[in-house]
Structures are given as C-alpha cells and as structure tokens.
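Undergrad: Provided herewith is a single structure, encoded as structure tokens, for subsequent inquiry.
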Amino acid sequence: MSDDGDDLDAAVAQFLSGADTVYEDYERGYTDADAALHVLESHLDDLREAYENE
C-alpha cells in the first residue's frame, strides 16, 4: 500500500472517530444540533482534503 493510501486510511479512521464523538456528545446533551453539524462539517472537510490529495 502506498503512503497516500496510508494517509487516506488514517483520515478515514480519524473521521469515524470524530464523528462518533460528535454523535455521543449530542446524544448526551453536551452540544446542540448546530454545533454538532459544524463539527461534522469540519471533519468532512478534512476527509475530503485527504481524499483529493491522494
């Protein structure tokens, strides 16, 4: 596997971990829907950037 593939795999793992955290925080009432969506959008941007740089 290439370094780019490793970078993308790491980006996917980081996204999934971050998304899980956002959902957990939302379900526990630690954050509201707007804030949760903003954080998810940030994680998606990071994932998209890693994919486009592959």
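A short reminder: the numbers here are calculations on the coordinates, not readings from a lab. None of the values given here were measured: they were computed from a predicted structure. Please note: Cβ atoms are built from the backbone with ideal geometry, for glycine as well, and neighbour counts cover all protein chains shown.
Undergrad: Given contacts defined as C-alpha pairs under 8 Å and at least six residues apart, what's the relative contact order of the chain, whole-number percent? Walk me through the numbers on the way to the answer.
TA: Working: 29 pairs, mean separation 29.5, N = 54.
After rounding, I find 55 percent.
Undergrad: Want the number for residue 9 to residue 27: 0.36 nm per residue separation, take away the alpha-carbon distance, what's left?
TA: In short, 3.8 nm is gained.
Undergrad: If you take the charge dipole of the chain about its Cα centre, with +1 on Lys and Arg Cβ and -1 on Asp and Glu Cβ, which of 42, 11, 31 is farthest toward its positive end?
TA: Checked the options; the winner is 31.
Undergrad: Compute the helix-to-body angle for 33-52: its Cα long axis versus the longest principal axis of the chain, expressed 0 to 90° and rounded to tens.
TA: It is inclined by approximately 0 degrees.
Undergrad: Charges at C-beta only: +1 for Lys and Arg, -1 for Asp and Glu. How large is the resulting dipole of the chain about its Cα centre, in Debye rounded to 20?
TA: Values: 2 positive and 17 negative charges, 53 e Å.
With only Lys, Arg, Asp and Glu charged at Cβ, the dipole is about 260 debye.
Undergrad: Within segment 23-54, list the chymotrypsin sites (Phe, Trp or Tyr not before Pro) lying in a DSSP loop whose Cβ has at most 15 other Cβ atoms in a 10 Å radius.
TA: 30
Undergrad: Taking semi-axes √(5λ) of the Cα gyration tensor in Å straight from the coordinates, which label in (i) 23, 16, 7; (ii) 49, 4, 4; (iii) 26, 11, 4 is the correct one?
TA: (iii)
Undergrad: Any idea what angle helix 3-27 forms with the longest principal axis of the chain, computed on alpha-carbon atoms, 0 to 90 degrees, nearest 10?
TA: It is inclined by approximately 10 degrees.
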